[in-house]
1. Give me the angle, in degrees from 0 to 90, between the Cα long axis of helix 92-105 and the longest principal axis of the Cα atoms of the chain, rounded to the nearest 10.
2. From the phi angles alone, apply the Karplus equation (6.51, -1.76, 1.60; θ = phi - 60°) to segment 17-22 and give each ³J(HN,Hα) in whole Hz, x where the residue is Gly or Pro.
3. Loop only per DSSP, at most 14 neighbouring Cβ atoms within 10 Å: give me the GluC sites (Glu not before Pro) in segment 8-107, ordered by residue number.
4. Name the residues of segment 1-39 whose amide N is less than 13 Å from a point 7 angstrom out from the Cα of Lys91 along the C-beta direction?
5. How large is ³J(HN,Hα), in whole Hz, for each residue of segment 62-73 in order, when computed from phi with the Karplus curve 6.51 cos²θ - 1.76 cosθ + 1.60 and θ = phi - 60°, using x for Gly and Pro?
6. Report the rotationally averaged projected area of segment 11-54 based on its alpha-carbon convex hull, in square nanometres.
7. Suppose a student asked you for the relative contact order of the chain, using Cα pairs under 8 Å spaced at least 6 residues apart; what percent would you report?
8. Obtain the radius of gyration and the Kirkwood radius of segment 26-96 from its C-alpha atoms and give Rg over Rh.
Amino acid sequence: MAKKGNEKKGAKVFKTKCSQCHTVEAGGAHKQGPNLNGFFGRQSGQADGYSYSSANKKSGIMWGDETLFDYLENPKKYIKGTKMVFAGIKKPQERKDLIAYLKNASA
């Protein structure tokens, strides 16, 4: 069986690879990327007050474990035309850890 994500390790991944562009707390500011509060289970491109690419808004993606796992590997390949300038996270366990963190931190 696949190893689950480690929330504590995921917090470190977020801090080093995501926090430059994203916040997770309720009412947090949009930076270069949108605030991620409440995005789990929500359709892509829906955070109020953030200017998304049309590719992101039209993607129809519902954010969950599987979609995030695939997206975080290579965002530009997953949503062609996204303005997210992030190469992705190649290590599967690192992505699982990040998702475990985001599930709670953005709720």
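1. For helix 92-105, the angle is close to 70 degrees.
2. Those phi angles translate into 10, 10, 5, 5, 10, 10 Hz.
3. Here the sparse-neighbourhood loop sites are Glu25.
4. Output list for this probe position: 6, 9-14, 16-17.
5. 9, 6, x, 3, 6, 5, 5, 4, 6, 4, 5, 5
6. Computed as one quarter of the Cα hull surface, the answer is 3.3 nm².
7. 37 percent
8. Using Cα coordinates only, the ratio equals 0.94.
Only the coordinates and a few stated rules stand behind these numbers; no lab work does. Being a predicted model, the structure only gives us computed values, none of them experimental. Reconstructed Cβ throughout: ideal geometry from the backbone, glycine too, with neighbour counts over all protein chains shown.
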